[in-house]
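To start, the structure itself, in structure tokens.
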Amino acid sequence: MNAGLYEARHSFVWTHGADMLPLLAPTPGERILDLGCGPGQLTARIAEAGAHVVGIDSSPDMIGQARQNYPSLEFKLADATQFEFAEPLDAVFSNAVLHWIPEADAVVRNIAAALKPGGRFVAEFGGKRNVQALLAAARTVLQARGLEYRNPWYFPSVAEYATVLERHGFEVRAAWHFDRPTPLDEGDDAMDDWIRTFGGVVLATAPKDEWPHIVRAMIDLLRPELFRNGRWQMDYVRLRVNAELRRDLPG
Ligand code: BEZ
């Protein structure tokens, strides 16, 4: 994913993510991880509360952009399934990232290993039915061309994700599954831009030279449902969780 394009045209990602900061409620001196920090905007908001925050991301481009945006903060290139911290953390925060990692057990196991007993995990990402119209359009267009369709993302229900959390010692204090129709930047090209920024993984089974035709056909299918009053809107559905690590505490 191109960090410059992401930052220039998809600021709604961290604008919406800021809604979760009251749930995280960072306090001065706490050690907090921002998992999948992107260009660092929410990491900076957590730092403003006086917490010692570290942002990690698996994209060198995003980490480069985050360091440029916030030179006084700590950012590291690391994978959500493999990061390690010498000192246990008070909280792990994650916005709009976990749907990219189908290995949910590996991620949650790692988060649990990094937290103190009683540590908090506050996250939001795509929930069941997320970008359903987009996936339906991709399936129709790919299959019409004899190409394989698969959903590359992880969009669990509350029950599915709570089961993963409980398996790794978390108590789910609250979970929400809600629709968040999200307007994209103005302009007829905004859906094309979204598909090019985020949707390449859906088109991975198609030869590159077919992509322009496939994207155009998808946009034609999506227009009646997602282009409203001159503006594209993504059919986002969010899963938000607030969990606490209870593994080492008496029942
Ligand atoms: C999302 O935020 O829901 C999302 C972003 C990119 C790809 C798929 C889903």
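Based on Cβ point charges of +1 for Lys and Arg and -1 for Asp and Glu, what charge dipole magnitude is obtained for the chain about its Cα centre, in debye rounded to the nearest 20?
440
Local charge for F155 was computed over the other residues whose Cβ lies under 11 Å away, with Lys and Arg +1 and Asp and Glu -1, and equals +2.
Averaged over residues, the count of other Cβ atoms within 10 Å places the peptides 51-62, 153-164, 208-219 in the sequence 51-62, 153-164, 208-219, highest first. Net charge in the neighbourhood of L73 (other residues with Cβ under 12 Å of its Cβ; Lys, Arg +1, Asp, Glu -1) is 0. What the chain shows is 46 Å² of accessible area per residue, with the surface traced by a 1.4 Å probe over protein heavy atoms.
Backbone phi angles across segment 146-151, fed through the Karplus curve with coefficients 6.51, -1.76 and 1.60 (θ = phi - 60°), yield HN-Hα couplings of x, 9, 6, 10, 8, 7 Hz in residue order; Gly and Pro are listed as x.
Expressed as a whole percent, the accessible surface of segment 140-179 that belongs to carbon and sulfur atoms is 47, based on a 1.4 Å probe. By accessible area, using a 1.4 Å probe on protein heavy atoms only, segment 1-130 has 51% of its surface on carbon and sulfur.
I need the peptides 34-45, 132-143 ranked by packing, meaning the mean over residues of other C-beta atoms within 10 angstrom, with the highest value on top. Could the numbers behind the result be given before it?
Working: 34-45: 25.6, 132-143: 18.9.
The most tightly packed comes first, giving 34-45, 132-143.
Each residue of segment 106-123 is assigned a 3J(HN,Hα), and the resulting list reads 5, 5, 5, 4, 5, 5, 4, 5, 8, 8, 5, x, x, x, 9, 10, 10, 8 Hz, derived from the Karplus form 6.51 cos²θ - 1.76 cosθ + 1.60 (θ = phi - 60°), x at Gly and Pro.
Stretching the chain fully between D179 and E225 yields a gain of 15.1 nm (0.36 nm per residue, less the alpha carbon separation).
Tell me, what is the FRET efficiency for Y149 and T81 to the nearest 0.05, using R0 = 22 angstrom and their Cβ-Cβ distance as r?
Working: r = 26 Å, r/R0 = 1.16.
So the FRET efficiency works out to roughly 0.30.
Annotation: extensible slack from E171 through A204 equals 8.2 nm (criterion: 0.36 nm per residue apart, minus Cα-Cα distance).
Treating only the Cβ of Lys, Arg, Asp and Glu as charged (+1, +1, -1, -1), what charge dipole size does segment 115-251 show about its Cα centre? Round to the nearest 20 debye.
Details: 20 positive and 19 negative charges, 107 e Å.
It comes to approximately 520 debye.
Roughly how many percent of the accessible protein surface of segment 193-251 is carbon and sulfur, given a 1.4 Å probe and a whole-percent answer? The C+S portion of the solvent-accessible surface of segment 193-251 is 51 percent.
When only alpha carbons are used to place a centre, segment 180-233 and segment 97-160 end up 19 Å from one another. Working note: 222 nm ellipticity from helices only, DSSP H runs with n ≥ 4, each -39,500 (n - 2.57), summed and divided by the residues of the chain, gives -10500 deg cm²/dmol to the nearest 500.
Selection among V158, T140, I195 by position relative to the dipole of segment 132-195 gives V158 as farthest towards the positive end (Cβ unit charges, Cα centre). When only the Cβ of Lys, Arg, Asp and Glu is charged (+1, +1, -1, -1), the dipole of segment 31-164 relative to its Cα centre reaches about 400 debye. When the Cα centres of segment 68-82 and segment 6-63 are compared, how far apart do they sit, in Å? Distance between centres, Cα-based: 10 Å.
Summing Lys, Arg as +1 and Asp, Glu as -1, what charge do residues with Cβ under 15 Å from the Cβ of G40 carry, G40 excluded? Mind showing how you got there, number by number?
Values: positive: R45, R67, K76; negative: E7, D34, E48, D57, D61, E74.
Computed value for this residue: -3.
Sequence-distant contacts, meaning Cα pairs under 8 Å at least 6 residues apart, place the relative contact order of the chain at 21 percent. The amide H of G127, built 1.01 Å from its N in the peptide plane, has V237, R238, L239 as neighbours under 5 Å, considering only residues 5 or more places off or on other chains. Extending 7 Å from the Cα toward the beta-carbon at both A25 and T140 defines two label points whose distance is 4.6 nm.
The values are calculated or read from the model by the stated rules, or taken from the named source; none is laboratory data. Everything numeric here is computed off the predicted structure, so don't read it as measured data. Don't worry about glycine lacking a Cβ; one is built from the backbone with ideal geometry, like all the others, and counts go over all protein chains shown. Each accessible area value is taken on the protein alone, full model and side chains, heavy atoms only, with ligands, DNA and RNA left out. Shrake-Rupley method; radii C 1.70, N 1.55, O 1.52, S 1.80 Å.
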